[in-house]
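For reference, the structure discussed in these notes is given below.
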There are 2 protein chains.
Amino acid sequence: MAERDTLRTRFHEHVRDLQDRICAALQAVDPGLVITEDTWTRTDHVGEEGGGGRTRVLAGDVVENAGVNTSCVYGALDPAFARQLGGDGADTLWAAGISLIVHPRNPRVPTTHANFRMVGVGARTWFGGGADLTPYYPHTDDFRHFHGTWRDATAPWGTYAAWKDWCDRYFTNTHRDGEMRGIGGIFFDHVASDDPAADQAMVRALSEQFLPSYLPIVQRRKDEAWTEADETFMLHRRGRYVEFNLLHDRGTKFGLQTNGRTDSILVSLPARVRFGYRWSPEPGSPHAEMMAYYRPHDWA
Amino acid sequence: MAERDTLRTRFHEHVRDLQDRICAALQAVDPGLVITEDTWTRTDHVGEEGGGGRTRVLAGDVVENAGVNTSCVYGALDPAFARQLGGDGADTLWAAGISLIVHPRNPRVPTTHANFRMVGVGARTWFGGGADLTPYYPHTDDFRHFHGTWRDATAPWGTYAAWKDWCDRYFTNTHRDGEMRGIGGIFFDHVASDDPAADQAMVRALSEQFLPSYLPIVQRRKDEAWTEADETFMLHRRGRYVEFNLLHDRGTKFGLQTNGRTDSILVSLPARVRFGYRWSPEPGSPHAEMMAYYRPHDWA
């Protein structure tokens, strides 16, 4: 029990430290970035205090809107939801993690999302997480850099192929004929060997690869000139992003079903969005080319 | 059986005729309105042809985007979903209806949604529908006109209070502390007396009240001057509209779960939307006043 609690404390400390470093790194590439911090506490299913979080909302010149959040929640779980989570019938939850999303202003800079979490339901503990990229312009060298970073990061555990495939399947708008939200990355959940300390070491190591996977792309694209057609395409793709997050995303559902803080959960939504009936990009345009990449593809 | 089929045919003919009249009426107040029509056919759960629909997408000067759709779908139903629908275990579905949504460009003109449908699952037949208003400016006389029309329309059946209450409860963003999508209207479902012909006559009569409930508001507001603050407020409220439709709306879920046509279902989403972390209107503004009206209130 003491060992479990130490692991929990360490993980929570780690994600808070990582939150600081990610915010600082984004501010370094976007000096006008304004960071608004809200700390909040949570009331669980039966009305007891149950943890809280630190929400950071970012807006600047490079970053149109972003959320870099950490939270640590615990307490009673709605019984039906506990069963759905695959717990052992116990109705207590403990979960800590970092969740972040970055929506850049320049359509040549991809949106990204990453999440690393440690979850306990009853006596069971597992880890989950991943990182994925949603580009709006066919800079395929960026896609190769992103996937290559995650292939190398997962190499010690040999999980890239499986987790890349899981990501492709997870971030899919099933109601849009299998179109993916972006170009994938890695996704894993319910990772639980018989050595939670080793599992945690792996997830910590992976979480350190978020900045190397994404920041170089921001640096090389942030000053690239873009067109109105680029922006129109991005705004419509953001519409698909909203559809995924609200219709399919388990993280969003988990947050809202566990009495999470709505504003912190929905900070993932992009600031400006367009929806258009059967909208599609100009044939032969870079955006039409991009549409073909929202399908499973080997990038690394 | 012959009688049931006659009722079905009549209802489908009625909603198609109403669709024509609603489109013509909107075009009369918005002469630049362009109407794009798509007819489509559907494949059901087991791959058989199962009806189809007529989607009409409208865009003009008064109307930023609108969908006025009719459909008639039938065939095999996914068994789990059939049980969820409260059927008698039979797995055949028949459903016809009209569903419409109008998002005006001028923030002084409210958004509206209405739906009238006849549903059969196995041997059971029922009716559902309603109409609701989502205004962005505190023109409370408009709200009284809308609710007054529905109070009068339902007077022969004495259902206004119950259906107004049902609407208030249904169109609520439960994840937003009980905030309503708009200011309500009427909502009813699973209406099934022992006389389906009488039920249908009632629903037809109600459906004829959509234009009188909404069109006079468009006529008196469409040329009203509006401010940038009005538009910003509207765009953020449209964000809440999207949240409701994708997180909570049963019609959207029903459509996507019955292999409905995704583009026709999601035509309900507004063209331009904003999301903002903890965004709220200026204290003391008409928009702050409006926020108080997204709560159950007696308008008629």
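Annotations
- Distances in nm from B:D165 to the matching label points in the other copies, shortest first (labels 7 Å along Cα to Cβ): 5.5
- Rounded if a/c under 1.5, otherwise prolate or oblate - the stretch A:208-259, Cα gyration tensor axes: oblate
- Model label points for A:D165 and B:A300, set 7 angstrom from Cα along the Cα-to-Cβ axis, are 5.7 nm apart.
- For the stretch B:2-293, the mean projected area of the C-alpha convex hull, equal to one quarter of the hull surface, is 15.0 nm².
- For B:E224, inter-copy separations between label points set 7 Å beyond Cα along the Cβ vector come to 4.5 nm, shortest first.
- Note on the stretch A:153-300: Cα Rg divided by 2.2 N^0.38 Å, N the number of residues, gives 1.19.
- Its Cα gyration tensor gives the stretch A:5-66 an equivalent ellipsoid, and the semi-axes of that ellipsoid, as √(5λ) in whole Å with the largest first, are 28, 16, 6.
- Using C-alpha pairs below 8 Å separated by at least 6 residues, the relative contact order for chain A is 17 percent.
- Stretch gain in nm, segment B:A76-B:D189, where the contour uses 0.36 nm per residue and the Cα spacing is subtracted: 38.5 nm
- Distances from B:M291 to itself in the other copies, using label points 7 Å out along the Cα-Cβ axis, amount to 4.1 nm in increasing order.
- By the compact-protein rule of thumb, 2.2 N^0.38 Å, the alpha-carbon radius of gyration of the protein assembly as shown corresponds to a ratio of 1.01.
- Over the protein assembly as shown: helical MRE at 222 nm, DSSP H runs n ≥ 4 each giving -39500 (n - 2.57), nearest 500: -13000 deg cm²/dmol
- Scaling against 2.2 N^0.38 Å puts the C-alpha radius of gyration of the stretch B:43-169 at 1.28.
- From least to most packed, judged by other beta carbons within 10 angstrom and beginning with the fewest, B:H190, B:H175 follow the order B:H190, B:H175.
- Annotation for A:D141 and B:T39: the two label points, set 7 Å from Cα along the Cα-Cβ direction, are 5.2 nm apart.
- Taking a straight line from the alpha carbon of B:K253, these lysines sit under 19 Å away, with near neighbours fewer than eight places off in the same chain left out: A:K253.
- Each of A:D165, A:D132 was scored by other Cβ atoms within 10 Å of its Cβ. Arranged with the fewest first, they read A:D165, A:D132.
- Low-density loop positions, GluC sites (Glu not before Pro), the stretch B:193-271 - DSSP coil, at most 14 other Cβ in 10 Å: B:E208, B:E224
- Cα centroid separation - the stretch A:144-218 against the stretch B:18-60, whole Å: 42 Å
Bear in mind that the values in this text are calculations on the coordinates, not laboratory data. Given the structure is predicted, the values throughout are model-derived calculations rather than measurements. FYI the Cβ positions are ideal-geometry reconstructions off the backbone, even for glycines, and counts take in every protein chain you see.
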